[in-house]
Amino acid sequence: MDLLGVLLWLCLPARWMAVLSSGAVTMTRKVTLVQRSLQNIVGSSPKIEVKSFENWAESLKEDVVFTASPKSVREIQRIVFAALLCRKNVRVVGSTHSWSSLFTDSEQIQINLGNMTLEGGKRVILQPGEYPGYRTVRIAPGVTVGELNDLIVPLGFTLRSGPSIKEATVLGAIATSSHGAMVNEPAIGGYMTGARFVDGWGKILAFNEDTDPEVLKALRCNLGLLGVVFEFELKIFPQEQVNSCGILTPLKTLFNPEFLRNAVSKNNFVLILSASYSSLTEKEARSVLETGKVPTTWDSGNDIVLINIVDPDATPDSLNTSDDPLPEDVTVVSTGQEFYKFIKGFPRALKGINLTDAIYLDTAVLGPKFLASEYTFPEKTDFKRSANALKEFSRFMNEKSHTEGILPFTRFVARWVKGTDCFLCPTSNPTSLKVAGDAGHFTTLGMDGVIDTLQEGPGFSYTMHKLVEAWDNLGLEGTLHWGKITEVTNFKEKIKTYFRHDLGFFENIRRKIDPHGVFMNDYLSYLYDAFNNVN
Ligand SMILES: Cc1cc2nc3c(=O)[nH]c(=O)nc-3n(C[C@H](O)[C@H](O)[C@H](O)COP(=O)(O)OP(=O)(O)OC[C@H]3O[C@@H](n4cnc5c(N)ncnc54)[C@H](O)[C@@H]3O)c2cc1C
């Protein structure tokens, strides 16, 4: 910090008092004053700019945030230092694909690391050392899932976990414990073996899984609370040739636990996508338009789901289901019916393709921008919990649709993943859970709904809240995806019971790394009651 910076900092409290007590000073002047103070402390680079912010889904907005795109670690350190001095919070932004309020609050500092590289301008560096079944790569902070795969596939490697979309940054996905649909793979953070970051004092820290396993367990789902990660190391795996099959079947097929157990135990990857209201007949659709309610002749158990299995041995007939597509020309009263066209057109059988091509998607194929929430619970080897949860979902859809009309759920996404060695991952298998998954597997049931629903009616968050209540009543003891919509009234209580002592372990590490809470925001402060009151 230069001398001017020190002087400005010393002046800040008095200036703020003047600003706040003076009606003559406009909001714009206040923002300009803070921006100049930050810039003076940071120096000439990076530029601190005043911008508005919106996430990918356009569901979260801030009119004024201070943004910076540092190109070096020194620049990150200076920003954190400036934030400390000006009593501002810092949040890093990835590709903004989260739906929950993990982002920068109004008039706080947002760091974008998209321009940063490793030495020699490289984004990804393959590390020396052969390990049984994997290699490691060092990665720059803004690298996306798609960019990483594009760089490692020509070298004969692939990622095996992470969100199914290519656009998310790997670090953003790690921060929220994102996962794919590979049955025996953990959330993506499970593959992080080390990281370097700037802490809440502006100091550089480095940790790796051999010497600091507890810190790694915290970093694997860090919610952006453990500093600015500027470099990290991740396991990658030899590429595989696989078959990918798309099987269509009515939702009610999934109510049979033996069917689910068979599908999940025989395949490396199982992704189920439903198309809500796809079984509506023309007569029923017209009745929806006339009455606003879905007639009781419709049963969601007949809606069509796509089962996408990926495995070296996968074949379309291996699941023994009937593939009997429905007519597409029914009057559209729900976006779920539109999504049916996608699942109907999904390839029935692709042979000998790269695993990477089989398990990652372009977001565009999912249709218009949407909202999403996800409920995760531990599974047992008999898969009865998943089958019950899906049956309950169908009962919920029927009851609410018959009485309230079309619900704002376009589709659900069902996946099964392995536990992660991590404190805050919903798939972390905390020892305190009463119903530990005996196979170490977790079921994740995601709900997607378009923002611009075709009908009036209860909102997405409210409907999800009611569905979560129904699932909780089955005793599933689930929790929600940190990066997706978490607006259920008991979320704070839920994380307290789900993670229990692991919250305390995480908090001990966070407090050492960021004692002044520079990396906090309002939403996480609100949830923090749960972290601090663990008994
Ligand atoms: C269309 C779509 C499909 C999706 N599919 C899946 C899916 O299949 N599975 C799944 O689990 N999730 C899925 N998600 C959720 C998504 O994976 C997460 O929300 C993920 O966090 C998004 O990454 P991002 O780069 O956009 O991060 P952002 O949303 O921008 O940020 C998320 C968090 O990462 C932190 N962060 C980012 N970079 C750093 C850094 N360098 N240092 C410290 N903290 C950092 C931020 O502070 C923030 O808290 C999907 C989201 C969308 C929009």
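By the rule of a C-alpha distance below 22 Å, with chain neighbours fewer than 8 residues away ignored, the lysines paired with Lys203 are Lys47, Lys71, Lys88, Lys217, Lys512. With the simple model of a label 7 Å out from the Cα in the direction of the Cβ, Asn184 to Asn256 spans 2.6 nm.
The three principal axes of the Cα atoms in the chain give end-to-end lengths of 75, 60, 44 Å, sorted in falling order.
Per residue, region 119-239 exposes 33 Å² of solvent-accessible protein surface, assessed with a 1.4 angstrom probe and all protein chains in place. The label point for Asp313 and the one for Glu290, both projected 7 Å from the Cα toward the Cβ, are 5.3 nm apart. Of the accessible area of the chain, computed with a 1.4 Å probe over protein heavy atoms only, carbon and sulfur atoms account for 53 percent.
On a 0 to 90° scale, report how tilted helix 257-266 is relative to the longest principal axis of the chain, with both axes built from alpha carbons and the result rounded to the nearest 10. It works out to around 60 degrees.
Calculated accessible area for region 283-381 comes out at 46 Å² per residue, all protein chains present (probe 1.4 Å; ligands, DNA, RNA ignored).
Rounded to the nearest 5, what % of the DSSP beta bridges within region 29-112 are antiparallel ones?
40 percent
Only protein heavy atoms count here; on that basis, with a 1.4 Å probe, Glu185 has an accessible area of about 20 Å².
In region 466-535, Cα pairs under 8 Å separated by at least six residues give a relative contact order of 35 percent.
Only loop residues by DSSP count here, and only those with at most 16 other Cβ atoms within 10 Å; note down the GluC sites (Glu not before Pro) in region 19-99 that meet that. Before the final figure, lay out the partial values.
Details: sites: Glu49, Glu54, Glu58, Glu62, Glu75; in loops: Glu58.
Qualifying residues, ordered by number: Glu58.
For Trp201 and Ser525, the FRET efficiency from 1/(1 + (r/R0)^6), where r spans their Cβ atoms and R0 equals 22 Å, is about 0.65.
Using a simple spin-label model with pseudo-atoms 7 Å out from Cα toward Cβ, Lys266 and Val332 lie 3.6 nm apart.
The angle between the Cα long axis of helix 282-291 and the longest principal axis of the Cα atoms of the chain comes to about 60 degrees, rounded to the nearest 10.
Computed from Cα positions, the angle between helix 384-404 and the longest principal axis of the chain comes to roughly 90 degrees.
Based on DSSP H segments of at least four residues, each scored -39500 (n - 2.57), the chain has a per-residue ellipticity at 222 nm of -10000 deg cm²/dmol.
The residues neighbouring Asp529, those whose beta-carbon lies less than 12 Å from its own, together hold a net charge of 0 under the Lys/Arg +1, Asp/Glu -1 convention. Peptides 236-243, 212-219 ranked from most to least packed, by the mean per-residue count of other Cβ atoms within 10 Å: 212-219, 236-243.
What region 29-112 shows is 41 Å² of accessible area per residue, with the surface traced by a 1.4 Å probe over protein heavy atoms.
For region 18-126, the gyration tensor built on C-alpha atoms gives an oblate shape. Its axis ratio a/c (a ≥ b ≥ c) is at least 1.5, and a/b is not larger than b/c. Taking 0.36 nm per residue of separation and subtracting the current Cα-Cα distance, fully stretching the chain between Arg29 and Ser52 would add 6.6 nm.
Per residue, the average separation of C-alpha pairs within less than 8 Å and at least 6 apart gives region 241-488 a relative contact order of 27 percent.
The values are calculated or read from the model by the stated rules, or taken from the named source; none is laboratory data. Since the model is a prediction, treat every value here as computed from it, not as a measurement. Because the Cβ atoms are built from the backbone with ideal geometry, glycine has one as well, and the counts that use them run over all protein chains shown. Note: areas computed on protein heavy atoms with side chains; ligands, DNA, RNA excluded. Shrake-Rupley method; radii C 1.70, N 1.55, O 1.52, S 1.80 Å.
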